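J.: My questions will all concern the structure given below.
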Amino acid sequence: MVREETINHEFISFISKRVQSIKPSQTLVIDAKAKALKQQGVDVINFGVGEPDFDTPGNIKKAAINAINDGFTKYCPVAGTPEIKNAIINKLKRDNNLSYTLEEIIVSSGAKHSLYNLFQSIINDDDEVIVLAPYWVSYTDMIILAGGKPIIIQAYDENFKITPKIVERVLTSKTKAIIINSPSNPAGVTYSSEELKAIMQICVKNKILVISDDIYEKLVYGNFKFTSVAAVSPEIKENVVVINGVSKAYAMTGWRIGYAAGPKNIISAMSKIQSQSTSNASSISIKAAVEALNGTQECVEFMRKEFEKRRDYIVERLNAIEGISCRKPDGAFYVFPNIKTLLGKTFNGKTISTDIDLADYLLDVAKIAVVPGSAFGVEGYVRFSYATSIENIKTGIDRMEIALK
Ligand SMILES: Cc1ncc(COP(=O)(O)O)c(C=O)c1O
């Protein structure tokens, strides 16, 4: 029998230290808050969410319906069917000039899941992974969950780019990998093929694995041409794992299909983890993703053009607000304006001391949801997703202008 005095209820926790050391995804927290307010009848404009507002194209939905009707509803191979793997192999050849075999591809439940499996596969305790701030919120916590250490580095300037010099500065004997995300979330940073080549030279020389998160590949604007890190020179493919998926390019966030392409031993390790955790990604979604990758690509170009118009509009409107300066990003569907001039000012009796204060104030007063830069590791900025209609952008920025007068 346990004696009463040995039980201290305050300190009993069944939660592991590993889980206690991470935070929930801040962007999902803000998205949930905005959606809850909306449900209560508050007219919130949600600039917090990172998903296309377009519906999934009809031909893709039809492929899923056919899968259900044809009884394609059972377990399938853990790392994906040969059909989806071949669709990915063809896509990587067609769009990125990269050649992979079936054993070098794994399909997971979203690119996030592929990244999770990858970190679990490569990280030993205290291994370091280089992450450039501002970073996508999940990288750092996924690295911590795998027992590693995110080495967060701040860029030299507002271009927010990793340079070979920065990489050299933070390299240690424990450096295992580096993440390149182009176009990036949250700042829409893109890298030219020359910039990527220069970074790769350092990584190859120091035997660092490069994780190339290409999820926003299709959303690039103006004259910018996307290059995947793995494609910058033939000898570096062994040093790169490409991460991609159908969420952003085909408006398929809820379908949860992502994939990784890389060295056979890493993909095989990821499959082992997936076989002991989630097994295959949804068979129905896999059929839909085959159609997305093999079918007409007109929808991708249609959405890209719409996003470009919205980017131009939101950048112009934000720059017209006193105290805000906004770079025009070449890719993704986010803008990341600098709001440092607003800090210390008081609006409607509320003093704005941090980017978090500003995000709270804008939600309370203007009823617009944005994500503070601190959630991405950089203070003094906020992130707007422009994956919402021009009308919503107009109304939201009009409200913001009034709230900041
Ligand atoms: C940079 C980045 N990588 C990966 C993902 C994950 O995408 P999914 O899991 O929907 O494929 C996201 C989603 O927001 C992202 O912004």
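What follows draws every value from the coordinates through simple rules; no lab data is involved. Because the structure is predicted, anything quoted here is derived from the model rather than measured. When we count neighbours, we look across all protein chains shown, and the Cβ atoms used for this are built from the backbone with ideal geometry, even at glycine.
J.: Can you show me the helix-derived [θ] at 222 nm for the chain, built from DSSP H runs with n ≥ 4 at -39,500 (n - 2.57) apiece and divided by the number of residues, rounded to the nearest 500. Walk me through the intermediate numbers first.
T.: On the way: 13 runs with 153 residues, N = 405.
Taking each H run of at least 4 residues, the total per residue is -11500 deg cm²/dmol.
J.: Quote the charge dipole size of the stretch 72-294 about the Cα centre in Debye, to the nearest 20; the model charges only the Cβ of Lys and Arg (+1) and of Asp and Glu (-1). Write down the numbers at each step before the final one.
T.: Numbers: 23 positive and 20 negative charges, 77 e Å.
Computed charge dipole of the stretch 72-294: roughly 360 debye.
J.: Further, regarding this structure: List every residue whose amide H lies under 5 Å from the amide H of V240, counting only residues 5 or more places away in sequence or on a different chain, with H placed 1.01 Å from N in the peptide plane.
T.: Under 5 Å from the amide H of V240: V210.
J.: Taking the Cα centre as origin and putting +1 on Lys and Arg beta-carbons and -1 on Asp and Glu beta-carbons, what dipole magnitude results for the chain, to the nearest 20 debye?
T.: On the way: 48 positive and 45 negative charges, 73 e Å.
My answer is approximately 340 debye.
J.: What does the C-alpha gyration tensor say about the overall shape of the stretch 182-275? Classify as rounded when a/c is under 1.5, otherwise prolate if a/b is larger than b/c, or oblate.
T.: Details: a/c = 2.38, a/b = 1.02, b/c = 2.34.
Here the stretch 182-275 falls in the oblate category.
J.: Follow-up question, since we're still on this one. Measure up K23/K218; K35/K218; K93/K264; K112/K165; K85/K272; K328/K367 against 20 Å on the Cα-Cα distance and list the ones that go over. The partial results should precede the final answer.
T.: Values: K23/K218 30 Å; K35/K218 27 Å; K93/K264 17 Å; K112/K165 29 Å; K85/K272 17 Å; K328/K367 24 Å.
In this structure, K23/K218; K35/K218; K112/K165; K328/K367 exceed 20 Å between Cα atoms.
J.: In addition: Please work out the FRET efficiency for the pair T296 and T354, using the Cβ-Cβ distance as r and a Förster radius of 41 Å; give the result to the nearest 0.05. Let's see the in-between values first.
T.: Numbers: r = 46 Å, r/R0 = 1.13.
Using R0 = 41 Å, I get an efficiency of 0.30.
J.: Moving to a separate point now. What residues have an amide H closer than 5 Å to that of T175, excluding those fewer than 5 places away on the same chain, when H is modeled at 1.01 Å from N in the peptide plane?
T.: E128
J.: Average the reciprocal distances over every distinct pair of alpha-carbons in the stretch 72-294, invert the result, and give the Kirkwood radius in Å. Walk me through the numbers before you get to the answer.
T.: Numbers: mean 1/r = 0.0573 Å⁻¹.
About 17.4 Å, per the Kirkwood formula over Cα pairs.
J.: Place +1 on the Cβ of every Lys and Arg and -1 on the Cβ of every Asp and Glu in the stretch 44-154, take the dipole about the Cα centre, and give the residue among S114, T101, T140 whose Cα lies farthest towards its positive end.
T.: Toward the positive end, the furthest listed residue is T101.
J.: How high is the FRET efficiency from L28 to S193, r the C-beta distance, R0 22 Å, rounded to 0.05? Could you put the intermediate results ahead of the total?
T.: On the way: r = 33 Å, r/R0 = 1.52.
According to the calculation, E is roughly 0.10.
J.: Per residue, how big is the convex hull around the C-alpha atoms of the stretch 50-188? Give it to me in cubic angstrom, could you? Provide the component values of the computation, followed by the final result.
T.: Numbers: hull volume 22.0 nm³, N = 139.
Convex hull volume per residue, Cα atoms: 158 Å³.
J.: Next question. Which whole-Hz ³J(HN,Hα) couplings does the stretch 166-174 yield from phi under the Karplus relation 6.51 cos²θ - 1.76 cosθ + 1.60, θ = phi - 60°, glycine and proline marked x?
T.: Taking θ as phi minus 60°, the curve returns 5, 4, 4, 5, 9, 4, 9, 5, 9 Hz for the stretch 166-174.
J.: Something else: Rank I257, S285, I153 by how far each Cα sits towards the positive end of the charge dipole of the stretch 72-294 (+1 on Lys, Arg Cβ; -1 on Asp, Glu Cβ) and give me just the farthest.
T.: Selected residue: S285.
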